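Below: the structure, in structure tokens.
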Amino acid sequence: MAHITACDGVKLFYEETGAGSPVIFVHEFAGDSRSWEPQIRYFSRRYRCITFNARGYPPSDVPDDPGMYSQDIARDDIRAVLDGLDIESAHIVGLSMGGFATLHFGLNYPERANSLVVAGVGYGAGEQARMRFEKETVEAANRIEAETMAEFGKIYAVGPTRVQFQNKDPRGWQEFKIQFCDHSSKGSADTMRGVQRLRPSLYDLEDSMKELVVPTLIINGDEDEPCLDVGLFMKRTITSSALVLFPQTGHACNLEEPDLFNQFCENFFHQVEIGRWRLRDPRSITSGILSKGDD
């Protein structure tokens, strides 16, 4: 079982499959490295695919200190994986919590990212949504500690943005639920409090996102309500980005629609690698049809 040691001594479990240009997959709160199996099976035929478990997700270490969980630490753990495997730069693919870490990685270490796939990102942005999000994360962490993940996971797995997966692919959803319920209660609670609850709103990162020129693909399900408006905001703010919406799809878009997810990512990687991914033409940034629409 392979591990990489982060800068603070935490050991991160990882797996790698295939050869070629490296792709790092960063999982969501409800997932782990196993959540990327439909992508690894596909992309490892042409790429060097690396998955890892975030801290708090065995067989990675579960730090006792709650202060060892934060958005900045999650971002830097991606860098630790690259450094530990002597990878100069890679395509970085993240979903939800992993998508936030991926975006922060691109903002802070753009020279280490060949491209960014930011999927299922947005919940907790906006002033009103922020207050609700903080309340829900505290409640979730408390329930995880009181009920354990074995019980809390059953409720979380049928949330408003998860039922699409359950309805579409009951077998796949059942596997997802079993894996989720098997997570560490302590690691999940501390991740919820330290990484999820305290991460900055994406709207506070607007100036930084305007400067981002790393090729970025934003992917959301069209029934992942908390992410829709934020996805549009990111598209309008990041001039190197494109936005994709999957129809009748919730939060776990890579598992719900693996073929679509793989198709769009593969085309994106190819466009980047041949130098055909372009910044948005400034002439297109307008509310008008025939002119800039300033009047």
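Below is a table of values for the structure above.
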| item | result |
| --- | --- |
| Enumeration of residues in the range 49-63 that are under 8 Å from GLY187 (Cα atoms) and aliphatic (A, V, I, L, M) | VAL62 |
| Some residue of the range 68-84 being of a type in the set (A, V, I, L, M, F, W, C) and closer than 22 Å to MET234 by Cβ | yes |
| Selection within the range 266-285 - farther than 23 Å from ASP229 by Cβ, in contact (Cβ under 8 Å) with a residue 60 or more places away in the chain and not in a loop (DSSP other than H, G, I, E, B) | GLU266, PHE269, VAL272, GLU273 |
| Some residue of the range 127-148 being among the aromatic types (Phe, Trp, Tyr), within 20 Å of the chain's Cα centre (by Cα) and within 20 Å of HIS104 (Cα to Cα) | yes |
| Number of positions in the range 77-95 that are farther than 22 Å from ALA141 by Cβ, outside any strand (DSSP E or B) and of a type outside the set (Val, Ile, Thr) | 9 |
| In the range 72-108, the residues that are under 14 Å from the mean Cα position of the chain (by Cα) and among the basic types (Lys, Arg) | ARG75 |
| Residue count for the range 164-183, restricted to those that are surrounded by 19 or more Cβ atoms within 10 Å (Cβ to Cβ) and closer than 21 Å to LEU228 by Cα | 2 |
| So ALA146, is it outside any helix (DSSP H, G or I), more than 30 Å from ILE274 (Cβ to Cβ) and hydrophobic (A, V, I, L, M, F, W, C) | no |
| Single condition GLN166 does not satisfy, out of (1) assigned to a helix (DSSP H, G or I); (2) touching a residue at least 60 places away in the same chain (Cβ under 8 Å) | (2) |
| Scope the range 242-261; condition in contact with a Pro (Cβ under 9 Å, 6 or more places away or on another chain) and touching a residue at least 60 places away in the same chain (Cβ under 8 Å); matching residues | GLY250, HIS251, ASN254, LEU255, PRO258, PHE261 |
| Test: residue in the range 117-127 that is at pLDDT below 95, surrounded by fewer than 16 Cβ atoms within 10 Å (Cβ to Cβ) and either out of contact with any helix residue (DSSP H, G or I) (no Cβ under 7 Å at 6 or more places or on another chain) or within 22 Å of SER33 (Cβ to Cβ) (or both) | yes |
| Matching residues in the range 242-290 - criterion: being under 23 Å from MET209 (Cα atoms), buried (at least 16 other Cβ atoms within 10 Å of the Cβ) and either out of contact with any helix residue (DSSP H, G or I) (no Cβ under 9 Å at 6 or more places or on another chain) or among the aromatic types (Phe, Trp, Tyr) (or both) | PHE264, PHE268, PHE269, GLN271, VAL272, TRP277 |
| Residues located in the range 169-183, provided they are in contact (Cβ under 8 Å) with a residue 12 or more places away in the chain and basic (Lys, Arg) | LYS177 |
| Total residues in the range 23-76, condition under 21 Å from GLY106 (Cβ atoms), in a helix (DSSP H, G or I), hydrophobic (A, V, I, L, M, F, W, C) and touching a strand residue (DSSP E or B) at 6+ places or on another chain (Cβ under 9 Å) | 3 |
| Options LYS154, LYS186: the member that is in contact (Cβ under 8 Å) with a residue 60 or more places away in the chain, basic (Lys, Arg), surrounded by fewer than 21 Cβ atoms within 10 Å (Cβ to Cβ) and part of a helix (DSSP H, G or I) | LYS186 |
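The values are calculated or read from the model by the stated rules, or taken from the named source; none is laboratory data. Everything numeric here is computed off the predicted structure, so don't read it as measured data. Methodologically, a virtual Cβ is constructed for each residue, glycine included, from the backbone with ideal geometry; neighbour enumeration extends over all protein chains shown.
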